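Accompanying notes for the structure given below.
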Amino acid sequence: MSTVLHGFVAEIRACQLCKADMERAPRPVLQVSDTARILIAGQAPGNLAMESGRPFTDPSGVRLRDWLQLNEATFYDASKVAIVPMGFCFPGYDKSGGDIPPMKRCAETWRAPLLERLPNIDLTLLIGGYAQKWHIGDQMEKTLTATVKKWQSFLDQGVIVTPHPSWRNNAWLKRNPWFETELLPELRKRVQALLS
C-alpha cells in the first residue's frame with residue numbers, strides 16, 4: 001500500500017464522526033490496497049464483522065465467497081480485493097432485528113476521496129441498494145429486483161449489481177433463479193480473469 005493511501009486509511013480508521021449516533025464506539029472496517037482490481041461495495045459491516053474487524057466474517061460472507069468462487073485467502077488479500085462498504089461501522093439494529101441503514105456521513109466524508117486512491121479497480125460489485133444508489137443512482141430501477149435484472153446493462157461500466165448475500169434474501173434467490181444461472185457465471189468469469 002502506498003504511503004498516501006496508508007495515511008488516508010489511518011484517518012478513516014480513527015474516524016469518530018458518528019460516535020454520538022451509534023450504540024457502540026466506532027470501529028471502521030474496510031480492506032483496501034492501491035493494487036486491488038476488484039472492489040466490493042456493500043452496505044456496512046455486520047455485528048460479527050465489527051467485532052472481528054474483518055469485513056464479511058459471517059454467513060453472508062460465506063455466501064459471497066461462494067458467489068465469487070474465491071477462497072478466504074484470496075478474498076481477504078487486499079492487494080487483489082478491496083472491500084469498501086457505504087458505512088464503515090456497524091450501525092446497530094432496528095426494532096425488528098435488522099441492521100439499520102449505514103450512517104450517511106461516512107460516505108459523504110470518505111467515499112469519493114478513498115475511491116480516487118484506488119486506481120486499478122476494473123470490476124465493482126455493488127451489493128444491495130445503498131451501494132447501487134451511490135454508484136449508479138440514476139440508472140437504478142424502482143426496485144432492487146428490477147435493477148439486478150438489468151445487470152448486463154452495467155457491464156460496460158465494469159459494474160455488477162447483486163442483492164445482499166444475507167440469509168434474509170433466501171426467498172428472493174428462490175424467486176429469481178436467473179441470478180444463479182445467468183449472473184453468477186458472468187461474475188465468476190470476470191473475477192477469475194482479473195485475478196489470474
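The values are calculated or read from the model by the stated rules, or taken from the named source; none is laboratory data. Values in this document were obtained by computation on a predicted structure and should not be read as measured data. Please note: Cβ atoms are built from the backbone with ideal geometry, for glycine as well, and neighbour counts cover all protein chains shown.
crowded, with 21+ Cβ neighbours inside 10 Å and either more than 19 Å from Gly129 (Cα to Cα) or touching a residue at least 12 places away in the same chain (Cβ under 8 Å) (or both), is that true of Pro55? Criteria met by Pro55. Within segment 110-131, the residues that satisfy the criterion of being assigned to a helix (DSSP H, G or I) and within 20 Å of Ala36 (Cα to Cα) are Trp110, Arg111, Ala112, Pro113, Leu114, Leu115, Glu116, Ala131. Does segment 15-35 contain any residue that is surrounded by fewer than 16 Cβ atoms within 10 Å (Cβ to Cβ), part of a helix (DSSP H, G or I), over 14 Å from the mean Cα position of the chain (by Cα) and polar (S, T, N, Q)? Checking segment 15-35: not a single residue is surrounded by fewer than 16 Cβ atoms within 10 Å (Cβ to Cβ), part of a helix (DSSP H, G or I), over 14 Å from the mean Cα position of the chain (by Cα) and polar (S, T, N, Q). Taken as a whole, the condition of being buried (at least 17 other Cβ atoms within 10 Å of the Cβ), touching a residue at least 40 places away in the same chain (Cβ under 8 Å) and in contact with a Ser or Thr (Cβ under 8 Å, 6 or more places away or on another chain) does not apply to Leu114. Of the candidates Ser52, Ser60, Ser79, the single residue that is more than 25 Å from Gln192 (Cα to Cα) and small (Gly, Ala, Ser) is Ser52. Every test in (1) at pLDDT 95 or above; (2) polar (S, T, N, Q); (3) not in a helix (DSSP H, G or I) is passed by Thr147 save one, and that test is (3). Close contacts from segment 119-131, counting a first residue that is within 12 Å of Arg190 (Cβ to Cβ) and a second that is among the basic types (Lys, Arg), with Cβ to Cβ under 9 Å and a gap of 6+ residues or different chains, come to Asp122/Arg37; Asp122/Arg190; Leu123/Arg37; Leu123/Arg190.
All told, Arg54 falls short of being over 17 Å from the mean Cα position of the chain (by Cα) and not aliphatic (A, V, I, L, M).
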